[in-house]
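Below is one structure; the comments refer to it alone.
The values are calculated or read from the model by the stated rules, or taken from the named source; none is laboratory data. These numbers come from a predicted model, not from an experiment. Backbone-built Cβ (ideal geometry, glycine too); neighbour counts: all protein chains shown. Please note that ligands, DNA and RNA were not included when accessible areas were found on the heavy atoms of the full protein model with its side chains. Shrake-Rupley method; radii C 1.70, N 1.55, O 1.52, S 1.80 Å.
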Amino acid sequence: MMADLLTVDALTLATAETVLVEDLSFSIGRGERFGLIGESGSGKSLTSLAVLGLLPPAIRATGQVTLDGQAIVGAPERKLRGLRGSVVASVFQEPLTALDPLMPLGRQIALPVRRRLRREGRDSTRTAVRREVHALMDQVRLPDPQRLYDAYPHEVSGGQRQRVAIAMALACQPRLLIADEPTTALDVTTQVEIIRLINTLVEELDIALLFISHDLAVVGQMAERVMVMRNGRAVETGAMQQVLTRPRDAYTRALVTAARRFDHALEGQP
Amino acid sequence: MSRSNARTGKTLTLWLSLVLVGAITLAGVVSFVWTPFALSDMAGGRLEAPNATHWAGTDRLGRDVFTQLMIGARIALIVGAGAVAIGAVIGVITGILAAFATRFLDDALAAFFDILIAFPTLLVAMLVVAAREESSLSTAILALGIGLSPIVGRITRILTKQVLSQDYITAARVCGTSWPVIVIWHILPNIAPFLAVNLALQFGLAVMAEASLSYLGLGAPPPNASWGRMLQEAQGTVYSAPWGAIFPGLALFALVIGINLLADGLRDRFDPSRRSA
Ligand SMILES: Nc1ncnc2c1ncn2[C@@H]1O[C@H](COP(=O)(O)OP(=O)(O)OP(=O)(O)O)[C@@H](O)[C@H]1O
Ligand SMILES: [Mg+2]
């Protein structure tokens, strides 16, 4: 059997004063969908930044993060940049701020596309890049790619912005996609659409997924396995189904009950 | 209603500023090919009041004041543009470097900017002129450019830091974009609108400082004409022949006001999210 795509082993993240994430261990297999859940401030985003090698300078990491056989913690920026452009990509919570407000949408997707075409030694002329960008825009179901190519972020809807962000992430053909609360800033119908889209794409392209959320109901639709975090520590890790039906930890139990109550409340409505 | 009033007001000021700056630029450009008299032509009577031949009167050597105003406009614009260009190159490079530097170097550069800014631009410029031991057009440009650079450096550093903390920079890094590419494609375009406004204001400052340098006799030497030197030369005759001081004073005022209003107008036009709002 092949080694896991991502292995996190005894990861601890700390500033000079406080420990923010402590002794975290988990792994994600190739093509596997993994959920990370926990309340606000529990260290989910920091964990994902550690995997990307993008921790803020004030935060030090100890332990091991291995991505596609390469060590991340302590690796030089050059090597990390190579990994980021090819092995791992990420989609963020706030689709408006994750896009450059002064750059047309198509060009934002084109930048990583051109880099990948160059790296693969393929035709990277203007037309070739543009063709590839149009294909990506189709893939994330963006309507009217011709027009949206030259549109600015503030001229399209939140859902469309998030689709552009997903297209940017897919542009480098990653093997691991990190989605950090990608639907929190969206309204409910758009949330459902984006979740379906990510699900479909991850399946079609056989990409592993690290899906981060504080909403158990959402993670439940996305992930096969889940890790529950609280105050920077993992309180429970296991198969989604098992965690949902037989939570071992008291905190997880509370989460499950809250999610159930939320579901019932939704069902109770006309 | 009030919103459309505000908009009309803004459009009017923008037009006014364009007229002011445009007229002075035109005078400066035309002065290369035509002036009513030669600059050194002393054929007019001494201290003539404005009349049909000498539209702005003559100075105490009998030279045409309007001719001097036109050439003064050229010098003001050249020195202003040159100084802003030099200040922008030095300031933007050091400002971006500071924003990227390690904590220690960043603090050092920031303190350096603040200390330099605490010196009046004019004083820094005078020191540069003194160091080069001659006053010439290029010395004046260099001196004012160096004097302006810490102001540009400080604002560039702050703007760059703001942009660096944005999610789209992280998003670009996640895609594997290298720092030089991020600087060129994401940082420069995003700081440019704010920087452009600031540079326009610096242009006004440079024009004023050039006049001051010339007033002190440290600006471009004759045969260049400068509004600052015209003011200085008219000092002794300000009661008997006030036009010698009033006209260059007005020209200076018009150019600086025009540039400042233009900077304000630019601020509103540049930002695409506001443009369509
Ligand atoms: N640059 C930083 N320096 C110091 N502490 C930080 C920094 N960034 C985050 N933290 C702290 O680390 C903790 C975890 O933050 P993190 O962003 O990972 O939480 P999260 O689980 O993603 O929460 P949310 O659901 O609100 O996004 C928080 O207490 C936060 O205050
Ligand atoms: Mg977070």
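Away from ligand 1 (no atom under 16 Å from the Cβ), more than 14 Å from every other protein chain (Cβ to nearest Cβ), of a type in the set (Lys, Arg) and open to solvent by 40 Å² or more (accessible area, probe 1.4 Å): is that true of A:Arg131 in this structure? Spelling it out, A:Arg131 is indeed away from ligand 1 (no atom under 16 Å from the Cβ), more than 14 Å from every other protein chain (Cβ to nearest Cβ), of a type in the set (Lys, Arg) and open to solvent by 40 Å² or more (accessible area, probe 1.4 Å).
Residues checked against (1) farther than 19 Å from A:Gly35 by Cα; (2) among the β-branched types (Val, Ile, Thr); (3) part of a helix (DSSP H, G or I):
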residue: A:Arg130; (1), (2), (3): yes, no, yes
residue: A:His134; (1), (2), (3): yes, no, yes
residue: A:Arg147; (1), (2), (3): yes, no, yes
residue: A:Thr200; (1), (2), (3): no, yes, yes
residue: A:Val219; (1), (2), (3): no, yes, yes
residue: A:Met227; (1), (2), (3): no, no, no
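Within the group B:Ile191, B:Ile187, which residue is among the hydrophobic types (A, V, I, L, M, F, W, C), free of Cβ contacts under 8 Å to residues at least 40 places away in the same chain, in a helix (DSSP H, G or I) and open to solvent by less than 10 Å² (accessible area, probe 1.4 Å)? Let's see the steps before the verdict.
Numbers: B:Ile187 fails: free of Cβ contacts under 8 Å to residues at least 40 places away in the same chain.
Exactly one residue qualifies, and that residue is B:Ile191.
State all residues of the stretch A:61-104 that are part of a strand (DSSP E or B), polar (S, T, N, Q) and more than 7 Å from chain B (Cβ to nearest Cβ); if no residue qualifies, say none. Matches in the stretch A:61-104: A:Thr62, A:Gln64, A:Thr66, A:Gln70. Within the stretch A:32-60, can you find the residues that are within 14 Å of chain B (Cβ to nearest Cβ) and either outside any loop (DSSP other than H, G, I, E, B) or over 17 Å from A:Thr18 (Cβ atoms) (or both)? The answer is A:Ser45, A:Leu46, A:Ser48, A:Leu49, A:Ala50, A:Val51, A:Leu52, A:Gly53, A:Leu54.
Report yes if some residue within the stretch A:159-166 is at pLDDT below 90, farther than 30 Å from A:Val19 by Cβ and open to solvent by 10 Å² or more (accessible area, probe 1.4 Å); otherwise report no. Among the residues of the stretch A:159-166, not one is at pLDDT below 90, farther than 30 Å from A:Val19 by Cβ and open to solvent by 10 Å² or more (accessible area, probe 1.4 Å), which makes the answer no. Checking the structure you have, find out if any residue of the stretch A:15-27 is without any contact (Cβ under 8 Å) to a residue 24 or more places away in the chain, over 30 Å from A:Gln146 (Cβ atoms) and near ligand 1 (Cβ under 9 Å from one of its atoms). Taking every residue of the stretch A:15-27 in turn, at least one turns out to be without any contact (Cβ under 8 Å) to a residue 24 or more places away in the chain, over 30 Å from A:Gln146 (Cβ atoms) and near ligand 1 (Cβ under 9 Å from one of its atoms).
Per this entry, A:Gly85 is not counted among residues that are away from ligand 2 (no atom under 13 Å from the Cβ), free of Cβ contacts under 8 Å to residues at least 60 places away in the same chain and among the small types (Gly, Ala, Ser).
Restricting the stretch A:192-214 to residues that are free of Cβ contacts under 8 Å to residues at least 60 places away in the same chain and open to solvent by 40 Å² or more (accessible area, probe 1.4 Å) leaves a set whose member that is farthest from A:Ala135 (Cα to Cα) is A:Val192. A:Pro145: modelled with pLDDT under 95 and open to solvent by less than 10 Å² (accessible area, probe 1.4 Å), yes or no? Judged against the criteria, A:Pro145 is not a match.
A single member of A:Val235, A:Val256 is open to solvent by less than 60 Å² (accessible area, probe 1.4 Å), within 15 Å of ligand 1 (Cβ to nearest atom) and more than 17 Å from the chain's Cα centre (by Cα), and it is A:Val235.
Residue by residue, here is whether (1) away from ligand 2 (no atom under 16 Å from the Cβ); (2) open to solvent by less than 50 Å² (accessible area, probe 1.4 Å); (3) over 25 Å from A:Pro112 (Cα atoms); (4) among the acidic types (Asp, Glu) holds:
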{"residue": "A:Ala3", "(1), (2), (3), (4)": "yes, no, yes, no"}
{"residue": "A:Leu13", "(1), (2), (3), (4)": "no, yes, yes, no"}
{"residue": "A:Thr18", "(1), (2), (3), (4)": "yes, no, yes, no"}
{"residue": "A:Gly35", "(1), (2), (3), (4)": "no, yes, yes, no"}
{"residue": "A:Gly43", "(1), (2), (3), (4)": "no, yes, yes, no"}
{"residue": "A:Ala50", "(1), (2), (3), (4)": "no, yes, no, no"}
{"residue": "A:Thr62", "(1), (2), (3), (4)": "yes, no, yes, no"}
{"residue": "A:Leu80", "(1), (2), (3), (4)": "yes, yes, no, no"}
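Residue by residue, here is whether (1) free of Cβ contacts under 8 Å to residues at least 40 places away in the same chain; (2) more than 14 Å from every other protein chain (Cβ to nearest Cβ) holds:
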| residue | (1), (2) |
| --- | --- |
| A:Thr127 | yes, yes |
| A:Val140 | no, yes |
| A:Gln146 | yes, yes |
| A:Arg161 | no, no |
| A:Met168 | no, no |
| A:Asp180 | no, no |
| A:Leu186 | no, yes |
